[in-house]
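Trainee: I am attaching a structure below and will ask some questions about it afterwards.
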Amino acid sequence: MEARSSRRQRNAPTINDVAKHAGVSPMTVSRVINGEQVVRAATKEKVEAAIAALNYSPSAAARSLAGGDETRIGLLYSNPSASYLSEFLVGSLDQSSRAGIDLVVEKWDEQTAIKAVVDHLVRGRIDGVVLPPPLCDHEAMIDALREAGIPAVVVATGHAPASLAAVSIDDRGAAYEMTRHLIGLGHNRIGFIKGHPNLSASEERYQGYIRALDEAGIALDDALVEQGFFTYRSGLDAAEHILARDNPPTAIFASNDDMAAATVAIAHRNGLDVPGDLTVCGFDDTSLATTIWPELTTIRQPISAMSRAAVDLLVRHIKGRRAQSEDGPPHMLLDYELVRRQSDAAPRLRPKHKGRK
């Protein structure tokens, strides 16, 4: 009997199972569970029917596993990239379901006072918070959570504070490897689109790019570097400026896939073949990387795995506090991978450019 009960717990349906059964995204399931009003009535009915059919009950699982001491954690987000956020949510929701704890997903924007958000988390009996980018580097938010006694785990920061648990990758090393890859293909005029200046990971990626150029004896050309903000719109503007130079680059490395996809769009608009006339590479390996043409060569940041690890670290930290046996905050560094697809190639002798003979 005990063995059968154990198997049932291990094989309990996850939020991904509910999403698949209902034919919706895990984010939509989360919104229904959390009572958000943005979900259409027909969709809500499908999700509720799937929850009933699969007997999905994360709250009940939490009470069972914690002996009545329910654990509630928050995911506070303010990320402009829908593809990044989607993968982050999948990992967080899945790990929360497997751990049998409640996950409350909250959006924050700069129009909302930080104190109001933190007070809302306190009233909601949130035991800890996961902070993906850009909130992973938001000092005022981190300080407010600390003052309220709410532990946090930061994800994908370039400089993890010693006082916080963190999950990240080697952003500088990853950007260095991608730039070295482009140099190895024969490119010596490589454009770069920076990430949001408020994120420490953005500077780490830029420094990796600079280091690779320096080691190869290629002088940094500031005319080939443009500021982006991790949004598709900012990628369009940055790529347009770089490709308008008198001597445009043969490759552009964007700090995330959204901006890389925008660069491909600008290249096509300018009559450039990717990768024949222009190599384009991104960072993250979100779903967007394989839904555009050509598919992006990119750095695979294990976003879902990072969010799962963050939830796991946070839950263990919360339980450690309750047992008065917590250790110092751990910092986890996960592996990245350079993934080659169809958007990179050796440079032609001279790239084509709209308006040039």
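The values are calculated or read from the model by the stated rules, or taken from the named source; none is laboratory data. None of these values were measured; they are calculated from a predicted model. FYI the Cβ positions are ideal-geometry reconstructions off the backbone, even for glycines, and counts take in every protein chain you see. Accessible surface is based on the protein model in full, side chains and every heavy atom, while ligands, DNA and RNA are left aside. Shrake-Rupley method; radii C 1.70, N 1.55, O 1.52, S 1.80 Å.
Trainee: Please specify each residue of the range 197-211 satisfying the condition of being free of Cβ contacts under 8 Å to residues at least 40 places away in the same chain and within 17 Å of LEU224 (Cβ to Cβ).
Mentor: Looking only at the range 197-211, we keep the residues that are free of Cβ contacts under 8 Å to residues at least 40 places away in the same chain, and these are 197, 207-208, 210-211.
Selection gives GLN207, GLY208, ILE210, ARG211.
Trainee: Do the conditions hold for LEU185, that is, is it over 30 Å from GLY128 (Cβ atoms) and open to solvent by less than 60 Å² (accessible area, probe 1.4 Å)?
Mentor: yes
Trainee: Kindly indicate whether any position in the range 292-302 is of a type in the set (A, V, I, L, M, F, W, C), under 25 Å from ASN247 (Cα atoms) and either touching a Ser or Thr at 6+ places or on another chain (Cβ under 9 Å) or open to solvent by less than 10 Å² (accessible area, probe 1.4 Å) (or both).
Mentor: Yes, the range 292-302 contains at least one residue that is of a type in the set (A, V, I, L, M, F, W, C), under 25 Å from ASN247 (Cα atoms) and either touching a Ser or Thr at 6+ places or on another chain (Cβ under 9 Å) or open to solvent by less than 10 Å² (accessible area, probe 1.4 Å) (or both).
The rows are residues; the columns are (1) within 30 Å of LEU145 (Cβ to Cβ); (2) in contact with a Gly (Cβ under 9 Å, 6 or more places away or on another chain); (3) not aromatic (Phe, Trp, Tyr).
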{"site": "GLY173", "(1), (2), (3)": "yes, yes, yes"}
{"site": "HIS187", "(1), (2), (3)": "no, no, yes"}
{"site": "ILE210", "(1), (2), (3)": "no, no, yes"}
{"site": "ASP214", "(1), (2), (3)": "no, no, yes"}
{"site": "LEU224", "(1), (2), (3)": "no, yes, yes"}
{"site": "GLY228", "(1), (2), (3)": "yes, yes, yes"}
{"site": "ASN256", "(1), (2), (3)": "yes, yes, yes"}
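Trainee: Do any strands (runs of 3 or more DSSP E) lying entirely in the range 244-312 carry at least 1 residues that are on the phi > 0 side of the Ramachandran plot and touching a residue at least 12 places away in the same chain (Cβ under 8 Å), and which ones are they?
Mentor: Fully inside the range 244-312 and qualifying: 279-284.
Trainee: Is it true that some residue in the range 115-134 is part of a loop (DSSP other than H, G, I, E, B), open to solvent by 20 Å² or more (accessible area, probe 1.4 Å) and in contact (Cβ under 8 Å) with a residue 60 or more places away in the chain?
Mentor: Yes, the range 115-134 has at least one match.
Trainee: SER325 fails exactly one of the following numbered conditions: (1) at pLDDT 95 or above; (2) of a type outside the set (Asp, Glu); (3) not in a helix (DSSP H, G or I). What is the number of that condition?
Mentor: Going through the list (1) at pLDDT 95 or above; (2) of a type outside the set (Asp, Glu); (3) not in a helix (DSSP H, G or I), SER325 breaks only (1).
Trainee: Of the residues ARG269, ARG316, ARG245, ARG308, only one is within 26 Å of LEU85 (Cα to Cα) and surrounded by fewer than 22 Cβ atoms within 10 Å (Cβ to Cβ); which?
Mentor: Only one candidate passes the filter, namely ARG316.
Trainee: Taking ASP214 as the residue in question, decide whether it is more than 26 Å from the chain's Cα centre (by Cα), farther than 22 Å from TYR336 by Cα and touching a residue at least 12 places away in the same chain (Cβ under 8 Å).
Mentor: Spelling it out, it is not the case that ASP214 is more than 26 Å from the chain's Cα centre (by Cα), farther than 22 Å from TYR336 by Cα and touching a residue at least 12 places away in the same chain (Cβ under 8 Å).
Trainee: Just name the residue that is nearest to ARG172 (Cα to Cα) out of those in the range 223-278 that are in contact with a strand residue (DSSP E or B) (Cβ under 9 Å, 6 or more places away or on another chain) and among the polar types (S, T, N, Q).
Mentor: Filtering the range 223-278 for residues that are in contact with a strand residue (DSSP E or B) (Cβ under 9 Å, 6 or more places away or on another chain) and among the polar types (S, T, N, Q), the one nearest to ARG172 (Cα to Cα) comes out as SER255.
Trainee: Quick check on my filter: what residues within the range 1-34 are over 25 Å from SER304 (Cβ atoms) and either assigned to a loop (DSSP other than H, G, I, E, B) or at pLDDT 80 or above (or both)?
Mentor: Listed by number, the list holds a single entry, MET1.
Trainee: So which residues in the range 227-266 are of a type in the set (S, T, N, Q) and closer than 20 Å to LEU288 by Cβ?
Mentor: THR231, SER234, SER255, ASN256, THR263 - these are the residues of the range 227-266 that are of a type in the set (S, T, N, Q) and closer than 20 Å to LEU288 by Cβ.
Trainee: Tally time: how many residues in the range 73-92 are part of a loop (DSSP other than H, G, I, E, B) and either out of contact with any Phe, Trp or Tyr (no Cβ under 7 Å at 6 or more places or on another chain) or not polar (S, T, N, Q) (or both)?
Mentor: Residues flagged as part of a loop (DSSP other than H, G, I, E, B) and either out of contact with any Phe, Trp or Tyr (no Cβ under 7 Å at 6 or more places or on another chain) or not polar (S, T, N, Q) (or both) within the range 73-92 amount to 2.
Trainee: I need a count of the residues in the range 188-234 that are in a loop (DSSP other than H, G, I, E, B) and open to solvent by 10 Å² or more (accessible area, probe 1.4 Å).
Mentor: Within the range 188-234, residues that are in a loop (DSSP other than H, G, I, E, B) and open to solvent by 10 Å² or more (accessible area, probe 1.4 Å) number 15.
Trainee: For LEU145, all conditions in the list (1) at pLDDT 95 or above; (2) within 23 Å of ARG316 (Cβ to Cβ); (3) in a helix (DSSP H, G or I) hold save one; what is the number of the exception?
Mentor: Result: LEU145 passes all but (1).
Trainee: Can I ask one more? For the range 139-172, which residues satisfy the criterion of being in contact (Cβ under 8 Å) with a residue 60 or more places away in the chain and open to solvent by 20 Å² or more (accessible area, probe 1.4 Å)?
Mentor: ALA160, ALA162, SER163, ASP170
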